[in-house]
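A short worksheet on the structure shown next.
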Amino acid sequence: MSDQSVDAAPLDGEAPIDKQKLPLPLKLFGVLCLLGGLAPLPMVGITAYVVVVMFREGAFNDETMTTTIIMFVMVGVLLLLAVLFIMFGVRLLRNKRRHAAQTAEVLIALAVAGILCDVMLFGINVTLVFFAVIMVLLIALLSYIDPSLSEERELQRLLRDMETREQVEDGTLGRDETGKGYITLDFFNVFWIFVVCCVLGLVIETVYHFVVVEPGHYQDRAGMLFGPFSPIYGFGAVLMTMALNRFHDKSVVLIFLVSAVIGGAFEYLVSWFMEFAFGAVAWDYTGTFLSIDGRTNGMFMAMWGFLGVVWIKLLLPWMLKLVNLIPWKLRYTVTTVCAVLMIIDGVMTLQSLDCWYERLSGNEADTPVEEFYATYFDNEYMTDRFQSMTINPDNATRAPKPPEIAAA
């Protein structure tokens with residue numbers, strides 16, 4: 001690389017990678033995103049209008065109010081998806097890599113929100129494929145258009161020198177070089193934080209139950225269909241890391257308070273989603289100190305606060321060194337394979353819970369998917385696998401099936 005190319009830094013604060021033009025296929029994809037965002041706007045608007053009219057005319061009563069709220073949220077998510085896809089397409093066409101990457105991140109979050117709303121309203125259904133395709137495409141594109149990830153790939157190809165080797169040996173690869181946070185919040189780091197904490201959280205919860213809740217009694221506390229994973233701790237750790245990454249050098253008291261609030265709110269929302277989507281209850285703190293609807297309480301919020309302090313101050317550096325044991329040349333391949341396996345596990349977990357819900361609701365398996373889960377993951381298997389969970393279909397808030405479907 002010549003001295004001229006090194007010194008020719010842009011004056012507007014953008015890195016050189018930001019100035020590189022996107023290839024023609026991505027420009028064509030940007031056109032499709034633009035058209036795809038414009039096309040559903042009239043239909044989403046009509047749907048929103050119909051829902052509002054039905055609401056004003058009293059079509060929704062108090063018993064279905066939660067369902068109504070979720071339906072409004074769903075319409076809002078679809079509207080935002082359409083608008084942001086238009087913005088995403090425009091930014092791709094204008095070579096705004098960094099802004100396009102930021103828009104893609106918001107679109108991924110909205111796709112997750114759409115999945116959650118759709119599951120709570122209709123269970124596992126074909127519509128989820130739409131959101132899943134959006135997420136897969138956006139994650140794949142994000143890894144290409146995000147300037148920071150592009151720079152990291154360039155680093156992998158061109159800078160295999162002593163400095164990089166020293167970072168690997170010292171376990172500092174992945175640190176935030178800007179100094180604003182402790183680590184770089186890219187997909188690689190975030191994914192392995194999720195995986196490590198899924199396992200670590202399951203170990204902690206299992207030991208706590210064995211020692212404190214029911215001394216001497218082992219209970220399988222796993223939260224996914226396969227593997228030693230408890231996703232609530234994985235997602236909780238990701239949220240903690242994102243929220244506290246820039247506070248890693250702050251006081252223990254501040255980290256404790258922020259972690260307690262985030263952990264308690266997250267635990268409450270997970271409990272709410274599981275009950276309203278599947279009628280499932282995995283914990284109930286009713287009657288305990290500072291209980292909030294039995295979904296979280298003061299003691300467990302304090303535990304989340306304590307875990308947040310331990311995570312940010314002690315375990316995050318250890319986790320970074322552990323993940324950096326993955327050979328440099330294999331880190332993307334290994335992460336991709338593991339991410340695909342984790343997605344499959346997550347999808348099958350949701351499908352198995354949905355089929356378990358349908359069986360307990362008295363609905364016979366009438367599709368190949370339902371028959372598959374009824375054969376290999378029947379009620380007995382699910383009860384043994386999710387030992388801390390009970391399902392009561394009456395607690396779910398799914399939209400009622402049309403008469404012709406219900407009578408079928």
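The values are calculated or read from the model by the stated rules, or taken from the named source; none is laboratory data. No experiment lies behind these values; they were computed from the predicted model shown. With ideal geometry, Cβ positions are generated from the backbone for all residues, glycine too; neighbour counts draw on all protein chains shown. To get the accessible areas, we keep the full protein, side chains included, count just its heavy atoms, and leave off ligands, DNA and RNA. Shrake-Rupley method; radii C 1.70, N 1.55, O 1.52, S 1.80 Å.
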**Prompt:** Does T335 fit the bill of being open to solvent by less than 70 Å² (accessible area, probe 1.4 Å), part of a loop (DSSP other than H, G, I, E, B) and of a type in the set (V, I, T)?
**Reply:** no
**Asked** Which of the residues spanning segment 291-323 are open to solvent by 10 Å² or more (accessible area, probe 1.4 Å) and outside any helix (DSSP H, G or I)?
**Response** S291, I292, D293, R295
**Message:** Looking at T375 and the list (1) farther than 15 Å from G227 by Cβ; (2) at pLDDT below 90, which single condition is not satisfied?
**Reply:** (2)
**Message:** Here's a check for you: in segment 338-363, which residue that is of a type in the set (G, A, S) and assigned to a helix (DSSP H, G or I) is farthest from M389 (Cα to Cα)?
**Reply:** A339
**Matching residues in segment 191-239 - criterion: being open to solvent by 20 Å² or more (accessible area, probe 1.4 Å), assigned to a loop (DSSP other than H, G, I, E, B) and more than 22 Å from M319 (Cα to Cα)** = E214, P215, G216, H217, Y218, Q219, D220, R221, F226
**Request:** Kindly provide the set of residues from segment 181-190 that are closer than 18 Å to F247 by Cβ and assigned to a helix (DSSP H, G or I), ordered by number.
**Result:** N189, V190
**Item:** Subset tally (residues that are at pLDDT below 75, open to solvent by 40 Å² or more (accessible area, probe 1.4 Å) and assigned to a helix (DSSP H, G or I)) for segment 1-46
**Value:** 7
**Leading residue by the ranking (nearest to T184 (Cα to Cα)) among those in segment 245-269 that are surrounded by 15 or more Cβ atoms within 10 Å (Cβ to Cβ) and among the hydroxyl-bearing types (S, T, Y)** = S259
**Prompt:** List, please: which pairs have Cβ atoms under 8 Å, are six or more places apart or on different chains, and start with a residue in segment 204-220 that is aromatic (F, W, Y) and end with one that is in a loop (DSSP other than H, G, I, E, B)?
**Reply:** F210/G216; F210/H217; F210/Y218; F210/Q219
